[in-house]
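See structure below.
The values are calculated or read from the model by the stated rules, or taken from the named source; none is laboratory data. Just so we're clear, the structure is a prediction, and the values are computed from it rather than from any experiment. Glycine gets a Cβ as well: all are built from the backbone with ideal geometry, and neighbour counts include every protein chain shown. The area values use the complete protein model at the heavy-atom level, side chains included, leaving out ligands, DNA and RNA. Shrake-Rupley method; radii C 1.70, N 1.55, O 1.52, S 1.80 Å.
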Amino acid sequence: MRESFVLEPGHNPIDLIPVTPESLPGWLEGQPARLRAWVEATGFKGKPDSLCLLPDEHGRVQCVLAGMDRDAPVWALAGAACRLSPGIYRLDSDRDADWRTQASIGWGLGAYRFERYKASDESPPALYLPGDVDADEVARVVDATALVRDLINTPSQDMMPEHLSEAARMLADAHGARFSTVEGDALLDENYPCIHAVGRASHHTPRKVELTWGKKAHPRVTLVGKGVCFDSGGLDIKSSGGMRHMKKDMGGAAHVLGVAQLIMAAMLPVRLRVLIGAVENAISGDAFRPGDVLASRKGLSIEIENTDAEGRLVLCDLLTEACEGRDKPDLLVDFATLTGAARVAVGTEIAACFTDDDALYRDLEDAARTLGDPVWRLPLHGPYRSGLDSQVADIANCGSGPYGGAITAALFLKEFVEPDVPWIHFDVMAWNTRDRPGRPKGGEAMGMRAMFEVIRGRFA
């Protein structure tokens, strides 16, 4: 995404002026009559995501008016980045540096394209970043978001457990982090039985992926991600429609890699640990079955009600490991594309989250509102835990009824988190079902920017 920005304005950059319907009349008052007439003739009213190109006396573009979304500065210029012609543009606004930094981030998010499988020689428009804009922050957020989107958008043929593991290794190498994996039957030897059970039916070897970074004396932040690189549903097979976008079922893993990149690029003083369960939930003679009872790393036995509730099985071994020993995290965060029930509850464009830590959620909600990265807290309603009762095992992997599925999934995960560990669980769509400014259809980072801001606020 770096080609979408320049640090030198070059020759005659084009001014990009954000306006709202309320501010447009005031701006027009100070302009020549010909420009006022032009704006009136075009019908431009300053509505969000509308543009008006104003010509000079020679017919060249003199400046661009960009109708902006007032709810969050990050989306003020997002639509312009994908609609303007090639050239260098300069944000002309008297708003403070933080506002312009966020607007510049939105420009970068709006310029995103996934073109791995498409030939393109188009030159994108570029935004000039003046000295008072935090160019490092812009680059960090835009690059991390592009990483998440790229990983999710990549078809499963090129994003199986081995590919996801390699993406984590490349990220570790780029930042001097330690990287390790446990693969195949070694998962049983190293006590990751649930990860092994979910992934054993695929010829793409399941694995636990780990990345560590930072000084041991620093506060400990552990990120856990669901990396189901394709989800057929297993023997409880999905419909064709339900399976169509299951390349995105590793979206949780993509999110924790995005947060990790933000942390390492910002050099936060934390001891970072990333744990990912990378598997394909496939169908073969070796697939785990409804009614099977699985062992878990924690020692709890798990009865399988449905093989399509596999993500929580991948996560439970990792959440257990995260809480083991003397190095328990000061903050434990997991991301997963876990349930359709969360989408029913909050829709596809809000990151559902669960935590018993009220202060943690308040910080997250404040960051989400400021950054235009919406989240919504759902309850860890204890009485619903009875829906996970099993007659033959310690716990079932899902309830048998149609209600509260996101809550019971979160309560299942809670069984594997130590009570004294601050924990938040994200159940995300990781996919835009429609095009919006800065949020193109396809893979998406949801709640990532807000969660990073909470980590930075707490530990920096």
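Observations on the model:
- Most simply put, the chain has about 40% antiparallel DSSP beta bridges, counting only bridges with both residues inside it.
- Relative to the 2.2 N^0.38 Å rule of thumb, the range 412-460 has a C-alpha radius of gyration ratio of 1.53.
- Relative contact order of the range 39-143: 24 percent, from C-alpha pairs under 8 Å at least 6 residues apart in sequence.
- With the convex hull of the Cα atoms taken as the outline of the range 24-142, the averaged projected area works out to 8.8 nm².
- Sorting the segments 389-400, 408-419 by their residues' average number of neighbouring beta-carbon atoms within 10 angstrom, most packed first, yields 408-419, 389-400.
- Highest-first arrangement of 450-457, 22-29, 267-274, 141-148, where packing means the average Cβ count within 10 Å: 141-148, 450-457, 267-274, 22-29
- Summary of the geometry: the range 364-390 and the range 180-223, compared by the centres of their Cα atoms, lie 26 Å apart.
- Based on protein heavy atoms only, the range 147-248 ends up with 41 Å² per residue of surface accessible to a 1.4 Å probe.
- Accessible surface of the chain, 1.4 Å probe: 48 percent of it comes from carbon and sulfur atoms.
- Estimated D of the chain in µm² per second, where Rh is the Kirkwood radius over Cα pairs and Stokes-Einstein applies at 37 °C, 0.692 mPa s: 142 µm²/s
- With contacts taken as Cα pairs under 8 Å and at least 6 residues apart, the chain reaches a relative contact order of 15 percent.
- Charge dipole magnitude, Cβ of K and R +1, D and E -1 - the chain, Cα centre, debye nearest 20: 440 debye
- Only Cα pairs under 8 Å and 6+ residues apart enter the sum, and on that basis the relative contact order of the range 206-268 stands at 36 percent.
- Separation between Cα centres of the range 428-460 and the range 75-107, rounded to whole Å: 19 Å
- The average projected area of the range 14-91, computed from the convex hull of its Cα atoms over all directions, is 5.1 nm².
- Solvent exposure of the range 39-139, expressed per residue, is 51 Å² of accessible area, with all protein chains present and a 1.4 angstrom probe.
- Considering only the range 1-135, percent of DSSP beta bridges that pair antiparallel, nearest 5: 30 percent
- Take the range 303-460 with all the other protein chains still there, run a 1.4 Å probe, and you get 38 Å² of accessible area per residue.
- Dipole axis of the chain (+1 Lys, Arg; -1 Asp, Glu on Cβ), positive-most option in Thr348, Ala336, Ala396: Thr348
- Pairs from the list Lys238/Lys441; Lys247/Lys298; Lys238/Lys328 with a Cα-Cα gap above 27 Å: Lys247/Lys298; Lys238/Lys328.
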